[in-house]
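Colleague: Once you've had a glance at the structure underneath, I'll fire off some questions.
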Amino acid sequence: MAPTLRVLVAALVPLACIAVFPSVENEHATAGLSRSLEQVLANIVGGPLKEKRIVLVVDPSAESIMPLDKIVRAIYDLDQTPALLIFQAEDKWEDHLPPAKDQRGRFAFILAVGSEPEWLMNVPDVWTPAMLLVVNVNASYDARPLLELPLIQRAISLALLEASDDKGTLEFLIYTSRPFSRDPEGGRRMKLFLGSWDNQLFSTIDALFPERFQTFGGEILHVASDYDDYPLIYEADDVDGMNIRILKALGAWLNFTFTTTSVASDDLWGSLENGTWTGLLGDVYRGEKNITINYFTVVYERARDFDYTATYFTEGFGFALRVPPPLPAWRNLFLPFTPLLWASVVGAVVLTTPVIYLLIRATEGTTFTDVAILVFKSLVQQSSSTVSKKGPARLLVGVWWIGGLILALSYTCNLIAVLTVPVFPSIISTIEGLAESNFRVSMVDYGEFVPEALATSADQYLKALGDRMDLVENYADDEISYRQLLDLLLEGRHAITETYSYLRNMLADDEQGRRHTYVLREQIYTGALAFFLPKHTPWRPRLDRGIQRLVEAGLVDKWYRDLMGDMATEDLQQGTGEEKALTISNLQGPFLALALGLGLASLAFLVEVSLHGQAAVMNVKQKGSQNLA
């Protein structure tokens, strides 16, 4: 034995376990049973369990028949010495157990008993063996009640090695426990015979520990559910949803059916309040339901107090805002170009006009007004009847005409788009932008962690949203709560948050929401969704395997797309998408410009008439003066 193992065994195992028997005959029979059990146990440790680390727990009722020192000696006579932890039941052995996460993979537990051990009723949650071999060393003790104990049934893989002296022949029998299987009388097969011990027959782990939940035998699982959770679970003509379809597929594979509830027993969603789980999770935690399939992500508190399946989907919480009203139609004339581009055009005109004037004025006698008109004509697609004869001026004018043509065409094309599609001001598209805006944030207060998480977040932007959070009362009728939430959104002063898919579906179902709101692409608190079960549920790995197959086959994504429709891949479309004729409101800008031009022209006309009248009067006076002279 290795020195460290000697120290461990010496520290944890008092080996003075030799009992005194009333007769020599009984002593020889017990000694024979002990030797045979020791050998079978050694064969198991050195055979199917040779790759495992062994945790051996010996009940006092077993030591009189199979002394602990003989077990250790038989095991360490093997060619390959296993890693072995040995505990006696009366010791505080649970303090020395490996971590729970290690117990589920690398360790195999062996529990040796001679009668039903009372201490099993008080074992804490640190006892979570994924693989458990119960060794019944007493041929007169029926271990079936022992296998029925919840502590034993929590093992994912479970086997019983039992001594039997039926008809005077000593043999060792292997059993398993399949609580979902039924015998012909309808009873549960809590103790199912596999065969007599044989080194060849039980040479592998799969042979010694066959799958306990290959089928659920028509079992009825009770689901804690809330129907108001589209697209995961909802009620139309019947209960449907992505998670319902997942559960139906698992039921068809494993042979089980299930019941659902419209709401939790306390009408809450599920959270940890004052150390107690409420809502759907509370129903599962108390053992009133077998599983919950609503929107629950894997977080620390839930993972600590529940078992959860393989994850099947990833989603977070989204934000919706009202689309701001379109810009006034009179601004359409200016919208094709940005302010910077307008400034650049004006600057080009201001610079180009004097340069061309300086190039041609010396020889051609052109006025500055003529040059300005020449430059401006190119911007409104008007030709010029005169062209400079000087080469530098012609070259510059030609370049300017090409530039003016491009600007005019660009403006015309963009103007067509502006006139046919309403132009909206810049919208908020990120969480950072929302946090820096004046929008308040609203959510229905149904027990989710989001309000508290935002309020205590270390991220400055999430913290800003949490500081402006308003909660809408969670009425018994969900339609009232979400109608109030939607009204706040449509007022234009609140952003609302909800799980991403549920939020998009809620807006799509409302006419005003579909036409006048949008959802940010960015999500917060994105997490992996899973089904939650009571702690230490032994059939969880079977659900894991089925869910993983459904995800890998693409069925979960397909069901999601089928339920969400175009919203699964596209943003919500604003407006109805119908073709519409242009109206006066679309052409406010041109009409206003025309009115402005008429007004300026009229003003210029009046000024010219006035000036012309004054000039005529002056001419008359001058002629009168000349005649008098």
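Colleague: Rounded to whole Å and sorted largest first, what semi-axes of the equivalent ellipsoid does the C-alpha gyration tensor of the stretch 436-539 yield via the square root of 5 times each eigenvalue?
Modeller: Output for the stretch 436-539: semi-axes of 25, 19, 14 Å.
Colleague: Any chance you could run the full-extension gain for D69 through T526? It's 0.36 nm times the residue separation minus the Cα-Cα distance, nm to one decimal.
Modeller: 159.0 nm
Colleague: I would also like to ask the following. Report R304's accessible area, 1.4 Å probe, all protein chains in place, as a number in Å² to the nearest 10.
Modeller: 100 Å²
Colleague: First obtain the Kirkwood hydrodynamic radius of the stretch 253-293 from its Cα pairs, then insert it into the Stokes-Einstein equation at 4 °C and 1.567 mPa s, and state the resulting D in µm² per second as a whole number.
Modeller: 118 µm²/s
Colleague: Sticking with the crude label model, points 7 Å out along Cα→Cβ, report the distance from R182 to K248 in nm, one decimal please.
Modeller: 2.4 nm
Colleague: Count the net charge of all other residues whose Cβ sits under 15 Å from the Cβ of A207, scoring Lys and Arg as +1 and Asp and Glu as -1.
Modeller: Neighbourhood net charge equals -1.
Colleague: Put H612, H516 in order of accessible area, largest first, 1.4 Å probe: what do you get?
Modeller: H612, H516
Colleague: So, one more: Once a ≥ b ≥ c are taken as the square roots of the eigenvalues of the Cα gyration tensor of the stretch 451-506, is the result rounded (a/c under 1.5), prolate (a/b larger than b/c) or oblate (a/b not larger than b/c)?
Modeller: It comes out prolate by the Cα gyration axes.
Colleague: Distance cut-off 31 Å, Cα to Cα: go down the list K463/K535; K50/K191; K191/K289; K50/K70; K191/K248 and report the pairs above it.
Modeller: The answer is K463/K535.
Colleague: Suppose accessible area is computed on protein heavy atoms with a 1.4 Å probe; arrange S501, S64, S265 from highest to lowest.
Modeller: Highest to lowest solvent-accessible surface, that is S265, S64, S501.
Colleague: Hey, with R₀ at 25 Å, roughly what FRET efficiency would R394 and W342 work out to, going by the Cβ-Cβ distance, to 0.05?
Modeller: In this case the efficiency is close to 0.30.
Colleague: Need one number: % antiparallel among DSSP beta bridges in the stretch 184-314, to the nearest 5.
Modeller: Approximately 45 percent, going by the DSSP bridge assignments.
Colleague: How much length is gained on full extension from Y300 to Q512, taking 0.36 nm per residue of separation minus their Cα-Cα distance?
Modeller: Once the chain is fully extended between Y300 and Q512, it gains 72.4 nm.
Colleague: What residues of the stretch 128-149 lie in the reach of a label at S36, counting those whose backbone N is under 13 Å from a point 7 Å from the Cα along Cα→Cβ?
Modeller: 137-140
Colleague: Tally Lys/Arg at +1 and Asp/Glu at -1 over every other residue whose Cβ is under 11 Å from the Cβ of N438; what's the total?
Modeller: In short, +2.
Colleague: Okay, next question. So what's the net charge close to M469: Lys and Arg +1, Asp and Glu -1, counting the other residues with Cβ under 15 Å from its Cβ?
Modeller: Around M469, the surrounding residues sum to -4.
Colleague: Okay, next question. What nm value, rounded to one decimal, do you get for the distance between E479 and D467 when each label is placed 7 Å out toward the C-beta?
Modeller: 4.0 nm
Colleague: Can you list the residues, at least 5 places off or on another chain, whose amide H is less than 5 Å from the amide H of T517, using H built in the peptide plane?
Modeller: Under 5 Å from the amide H of T517: V323.
Colleague: If packing is taken as the average number of other Cβ atoms within 10 Å across a peptide's residues, how do 52-62, 339-349, 69-79 rank, most packed first?
Modeller: 52-62, 69-79, 339-349
Colleague: Nearest 0.05, what FRET efficiency do I406 and S429 give at R0 = 30 Å with Cβ-Cβ as r?
Modeller: For I406 and S429, the calculated efficiency is 0.45.
Colleague: Here is a follow-up. Can you list residues whose amide H is under 5 Å from A310's amide H, if they're 5+ apart or on another chain and H is modeled 1.01 Å from N?
Modeller: D544
Colleague: Rounded to the nearest 10 Å², what accessible area does D266 have for a 1.4 Å probe in the complete protein model?
Modeller: Number for this one is 60 Å².
Colleague: Right, next: Give me the distance in nm between label points sitting 7 Å out from Cα along the Cα-to-Cβ direction at A458 and F376, one decimal.
Modeller: 6.4 nm
Colleague: When ligands, DNA and RNA are left out and all protein chains stay put, how many square angstrom of accessible area per residue does the stretch 176-273 have with a 1.4 Å probe?
Modeller: Ligands and nucleic acids excluded, the figure is 46 Å² per residue.
Colleague: Assuming R0 = 45 Å, what is the FRET efficiency of N438 and V551, from their Cβ-Cβ distance, to the nearest 0.05?
Modeller: E(calc), rounded to 0.05, equals 0.60.
The values are calculated or read from the model by the stated rules, or taken from the named source; none is laboratory data. All values derive from a computational prediction rather than experimental measurement. When we count neighbours, we look across all protein chains shown, and the Cβ atoms used for this are built from the backbone with ideal geometry, even at glycine. Just the protein is used for accessible areas: all its heavy atoms, side chains included, with ligands, DNA and RNA removed. Shrake-Rupley method; radii C 1.70, N 1.55, O 1.52, S 1.80 Å.
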